[in-house]
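Here the structure comes first, spelled out in structure tokens, and everything after it is commentary.
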Amino acid sequence: MTNQTEALPRHVAIIMDGNGRWARKRGLPRVAGHKVGMERAREITEAAGKRGVKALTLFAFSSENWQRPEDEVSYLMDLFVTGLEREAKALHKNNVRLRVIGDRSRFSAKLQQRMLEAEAMTADNTALNLNIAANYGGRWDIVQAVSQHLQNNPGISQVSEQDISDRVQLHDEPPLDLLIRTGGEIRISNFLLWQAAYAELYFSDVLWPDFHPEELDKALAAYAQRQRRYGKTGEQVTGESAQGDA
Ligand code: FPP
């Protein structure tokens, strides 16, 4: 990595964790954390675009989140509907293309409609691709890719890596370079399992509602320091020959 452009990730994904704890620490109901979390998502999207990131993928709701208390799930659904209604125009004005990834079939007709409208409005935008993962799970993603492939090719007995890569969500985005998780936990939680194969991982103790653009900058700076080897040796990557190498 020799210059800033090379050191900037093209595709960043974020597991936005810590909303509930942020609220509890302040004696507020958990959902108050989600409300501020939504504001943070807006701020970080804007900052990512300004920094030159081409694609940003945010984990808003996992396939496992349905198991949360009913009132929290229903608050989140309302937040997504009003968020889409309110933010779609602003995203469009800022030349951001919005897409929702995940199994939408479980969402209300109204929410599915808002998702389609926002996607249609912003479809031709080019500054930043914002992907919201909703009812998304990495295992679901791999299974839907394999199922699609089998349906289109009945009777086949083999599936290649390329077949899956071509059909998982985000297959038309730049490869995932940097996966950030906020909130102090060190795990991937069934997020982009296939896509994260060579991503750099960055874990922050900061709770999502406190993850302001300067925290994003810390993650980008850490990424710029990493050497991406894709299975090669460090010497191969830097072009230096190690002592004793033939
Ligand atoms: C994790 O905090 C967050 C979620 C389960 C999703 C909520 C996300 C937002 C409100 C941001 C919305 C953004 C968009 C773009 C739709 P947690 O509740 O797991 O926190 P905890 O680990 O402290 O309990």
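Observations on the structure shown:
- Nearest-0.05 FRET efficiency for V159 and A197, computed from C-beta distance (R0 25 Å): 0.95
- Approximate spin-label separation Q227-A123, in nm, with each point projected 7 Å along Cα-to-Cβ: 4.6 nm
- Based on DSSP H segments of at least four residues, each scored -39500 (n - 2.57), the chain has a per-residue ellipticity at 222 nm of -14000 deg cm²/dmol.
- Measuring gaps between exposed loop sites in the chain (GluC sites (Glu not before Pro); DSSP loop; at most 16 other Cβ atoms within 10 Å), the longest gap, sites not included, is 65-184.
- The figure for R86 is an accessible area of roughly 140 square angstrom, using a 1.4 Å probe on the protein chains alone.
- Summed side-chain charge close to F191 - residues other than F191 whose Cβ falls under 13 Å, Lys, Arg +1, Asp, Glu -1: -1
- Residue-normalised accessible area of the chain, given per residue in Å² at a 1.4 Å probe: 54 Å²
- Residue-count net charge about E72 - beta-carbon cut-off 14 Å; Lys, Arg +1, Asp, Glu -1: +1
- The solvent-accessible area of W22, taken with every protein chain present and a 1.4 Å probe, is close to 30 Å².
- The lysines within cross-link reach of K35, meaning a Cα-to-Cα straight distance under 18 Å and a gap of 8 or more places when in the same chain, are K25.
- A crude spin-label estimate for the pair S74 and K25, with each label 7 Å from Cα along the Cβ direction, gives 3.0 nm.
- On a per residue basis, the convex hull of the C-alpha atoms belonging to the chain measures out at 156 Å³.
- Order of exposure, largest accessible area first, which applies to D217, D78, D205 with probe 1.4 Å: D205, D78, D217
The values are calculated or read from the model by the stated rules, or taken from the named source; none is laboratory data. These figures come from a predicted structure and were not determined experimentally. Virtual Cβ from ideal backbone geometry, glycine too; neighbours counted across all protein chains shown. Remember, those area values only see protein heavy atoms, side chains included, never the ligands or the DNA or RNA. Shrake-Rupley method; radii C 1.70, N 1.55, O 1.52, S 1.80 Å.
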